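The values are calculated or read from the model by the stated rules, or taken from the named source; none is laboratory data. Remember, it's a predicted structure, so these values are computed and weren't measured experimentally. Glycine also receives a Cβ, built like all others from the backbone with ideal geometry; neighbour counts cover every protein chain displayed. Just so you know, the surface numbers come from the protein's heavy atoms only, side chains and all, with ligands and any DNA or RNA stripped out. Shrake-Rupley method; radii C 1.70, N 1.55, O 1.52, S 1.80 Å.
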Amino acid sequence: MDHEYVGASPLGAGDGKGAASNAVILCCECGVAIQPNPANMCVTCLRNHVDITENIPKQAVLHFCRNCERYLQPPNEWIQASLESRELLAICLKKLKGLKDVKLVDAGFIWTEQHSKRIKVKLTVHGEITGGTVLQQVFVVEFTVQNQMCNDCHRTEAKDFWRCLVQVRQRAENKKTFYYLEQLILKHKAHENTLGIKPEHGGLDFFYANDNHARRMVDFLLTMVPGKVTTSKRLISHDIHSNNYNYKYNWSVEIAPVSKDSAVCLSKKLRHQLGNLSPLVLVNRVSSSIHLIDPLTAQIAELTSQVYFRAPFEAICNPKQLVEYVVMDIDVIMEKDRKTYPGQGQVSFKHALCDIWVVRASELGINDNPIHTRSHLGHLLKVGDSVMGYNTGEANINDLEFDKLSSDEIPDVILVRKHYDRQTRLSQRVWKIKHLAAEATDERSKYDYHEFLDDLEENEDIRGQVNIYRDTNKTIPIELQAAGGDVPQITLEEMLEDMTLECADDEMGEEGGDDETEPQL
């Protein structure tokens, strides 16, 4: 160790400057001539008799969690700190209890090999000894890094310990809103702090270690889609001596049971609030609010989550009930020729209103009497195209508001979307999306999922909120390379490259980083 005198005051100095500079005394221990100082000792004798760092430990232990790469700061705080950082130096200094008896002047790291599990800190301190002499000493403290799993990682590894549960459900036949919400969670990485994700009937369960992360997830869900939340808690244990309670909290998020392309029947009061819409309207899109479109007038309206849950309604027709029709004739209504309605709201400029005559595809060549209706798809359809619609004239609908309607208010057919050949679309689909849980295997869920994929191809606004990845297992067809064809397609510029980790010698027999499913509980 190195010792130095700092601020030593000479004793017995004369009044003259020359006498003060030339005066010497003998060390009281060894008799060596030295400059006067309060201890009357030379540096060698002071080193043998005094050690101002004797109360400071020269070795200590740091606890490090390998999973989250954090260091323990007693008593219970885990801090993220990189090697030779200010945060790590602060943790090391707080481990040394004797530093409060001396004045710390300087502290720094001495380089050690990264995997040696040793951290060395060089300290410079000042300490006052007998007679008011201030002594400076430099020494090294060696810290041994020991692995210890933190509480958060321990709960994660246990997989059955959780304090908060967020249940997300959409109880409807058409679950395209739920698939859209799943992609929003993946895009914004809202599931990063989950202990696990478990698929359940009608939705997903998210498990959390503390209520702050769970509340943040609930706020994210209610911001992205219309829904309502109910909370509950269950007592796990109670310490009567310290009056501490241990609860498990549960948040249940219920998503509005309507999705894109569903047909709904509005009440008379709600129709007037939204600009005198027709009774039967289509759900054009679901985001933070429900966007409706009137197929008879191309009028659009937006229904907020608060207004919807004040007087909720369900879909009267879902995409599984769509019937294929063939366009026999079409007459696009010009903007100036549209009939104006009293109190009419905003009209969609992305759609074109038209008078259209269609025949059911199964009756083509048999039925010579086409069905006339009005549709908002005049910008997409032409004679000979196939279009999907709801046969409301023959459908068995059980709804109180629908039963109040007269026959004049119910159109025979409500056209929903243009129909493309499913096999052609699958062959040209060279992209994929990721999932939070395993894909559904039942036929109804598969149908809704493929309908959602079709929406991504047809609607640029929806796929702008979704991360779409290039599927390396499929070859790019010539139609996609040429960006031609009538079938809607996603361009290569809109696709992301998925990270893949391949074995050099193909020992695993598969790619390690191409999994589309996040870890489950």
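Would you confirm, using the coordinates I've provided, whether Leu184 is of a type in the set (A, V, I, L, M), touching a residue at least 40 places away in the same chain (Cβ under 8 Å), in the same structural domain as Gln299 (by the TED database) and outside any strand (DSSP E or B)? So Leu184 does not fit the description; no. Glu200 - would you say it is surrounded by fewer than 16 Cβ atoms within 10 Å (Cβ to Cβ), more than 30 Å from Leu46 (Cα to Cα) and over 15 Å from the mean Cα position of the chain (by Cα)? In short, yes.
Is it fair to say Ala81 is within 30 Å of Ala209 (Cα to Cα) and touching a helix residue (DSSP H, G or I) at 6+ places or on another chain (Cβ under 7 Å)? Considered against the rule, which asks whether it is within 30 Å of Ala209 (Cα to Cα) and touching a helix residue (DSSP H, G or I) at 6+ places or on another chain (Cβ under 7 Å), Ala81 comes out as yes. All conditions but one from (1) assigned to a loop (DSSP other than H, G, I, E, B); (2) touching a residue at least 12 places away in the same chain (Cβ under 8 Å) apply to Glu394; the one that does not is (2). Quick one: what pairs do we get from segment 203-228, first residue surrounded by fewer than 20 Cβ atoms within 10 Å (Cβ to Cβ), second among the small types (Gly, Ala, Ser), C-beta under 6 Å, 6+ apart or different chains? Matching pairs, first to second residue: Phe220/Ala190. A Cβ distance below 6 Å, combined with a sequence gap of six or more or placement on separate chains, defines the contacts here; from segment 305-321, residues that are within 25 Å of Ser445 (Cβ to Cβ) reach residues that are open to solvent by 40 Å² or more (accessible area, probe 1.4 Å) and in a loop (DSSP other than H, G, I, E, B) in the pairs Asn318/Glu173. Only one of the numbered conditions (1) over 26 Å from Gly202 (Cα atoms); (2) assigned to a loop (DSSP other than H, G, I, E, B); (3) modelled with pLDDT under 55 is not met by Asp515, and that is (1).
Could we say that Phe178 is open to solvent by less than 30 Å² (accessible area, probe 1.4 Å) and part of a strand (DSSP E or B) here? Taking the combined requirement at face value, the residue does not satisfy it.
When residues in segment 53-76 are screened for being open to solvent by 30 Å² or more (accessible area, probe 1.4 Å) and more than 30 Å from Thr156 (Cβ to Cβ), 5 of them pass. No other residue among Arg234, Arg285 is surrounded by fewer than 22 Cβ atoms within 10 Å (Cβ to Cβ) and within 26 Å of the chain's Cα centre (by Cα) apart from Arg285. For segment 209-229, the criterion of a residue being modelled with pLDDT under 90, more than 30 Å from Asn318 (Cα to Cα) and not polar (S, T, N, Q) is satisfied by at least one position. On inspection, Glu87 qualifies as assigned to a helix (DSSP H, G or I), out of contact with any helix residue (DSSP H, G or I) (no Cβ under 7 Å at 6 or more places or on another chain), open to solvent by 80 Å² or more (accessible area, probe 1.4 Å) and on the phi < 0 side of the Ramachandran plot. Taken as a whole, segment 466-481 holds at least one residue that is closer than 25 Å to Gly202 by Cβ, among the aliphatic types (A, V, I, L, M) and modelled with pLDDT of 55 or more. Residue by residue through segment 289-319, note down the ones that are open to solvent by less than 10 Å² (accessible area, probe 1.4 Å), among the small types (Gly, Ala, Ser) and more than 26 Å from the chain's Cα centre (by Cα). Answer for segment 289-319, where residues must be open to solvent by less than 10 Å² (accessible area, probe 1.4 Å), among the small types (Gly, Ala, Ser) and more than 26 Å from the chain's Cα centre (by Cα): just Ala298. Listed by position, the strands (runs of 3 or more DSSP E) enclosed by segment 98-172 that each have at least 1 residues that are open to solvent by 90 Å² or more (accessible area, probe 1.4 Å) and at pLDDT 85 or above are 103-110, 118-128.
The lone criterion from (1) assigned to a loop (DSSP other than H, G, I, E, B); (2) open to solvent by 20 Å² or more (accessible area, probe 1.4 Å); (3) at pLDDT below 90 left unmet by Lys382 is number (3).
Let's see how each residue does on (1) of a type in the set (Gly, Ala, Ser); (2) farther than 17 Å from Phe349 by Cα:
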residue: Asn276; (1), (2): no, yes
residue: Asn284; (1), (2): no, no
residue: Ser289; (1), (2): yes, yes
residue: Phe313; (1), (2): no, yes
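Scanning segment 98-154 for residues that are out of contact with any Gly (no Cβ under 9 Å at 6 or more places or on another chain) and small (Gly, Ala, Ser) yields Gly98, Ala107, Gly108, Ser116, Gly127, Gly131. So is Leu296 more than 20 Å from Tyr447 (Cβ to Cβ), in contact with a His (Cβ under 9 Å, 6 or more places away or on another chain) and modelled with pLDDT under 95 or not? Against the criterion (more than 20 Å from Tyr447 (Cβ to Cβ), in contact with a His (Cβ under 9 Å, 6 or more places away or on another chain) and modelled with pLDDT under 95), Leu296 qualifies.
Selection of segment 206-228 for residues being within 19 Å of Gln170 (Cα to Cα) and over 15 Å from the mean Cα position of the chain (by Cα) yields Pro226, Gly227, Lys228.
Quick grid of which residues meet (1) open to solvent by less than 50 Å² (accessible area, probe 1.4 Å); (2) under 43 Å from the mean Cα position of the chain (by Cα); (3) touching a residue at least 60 places away in the same chain (Cβ under 8 Å); (4) more than 25 Å from Lys175 (Cβ to Cβ):
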site	(1), (2), (3), (4)
Phe349	no, yes, no, yes
Gly365	no, no, no, yes
Gly378	yes, yes, no, yes
Leu436	yes, yes, yes, no
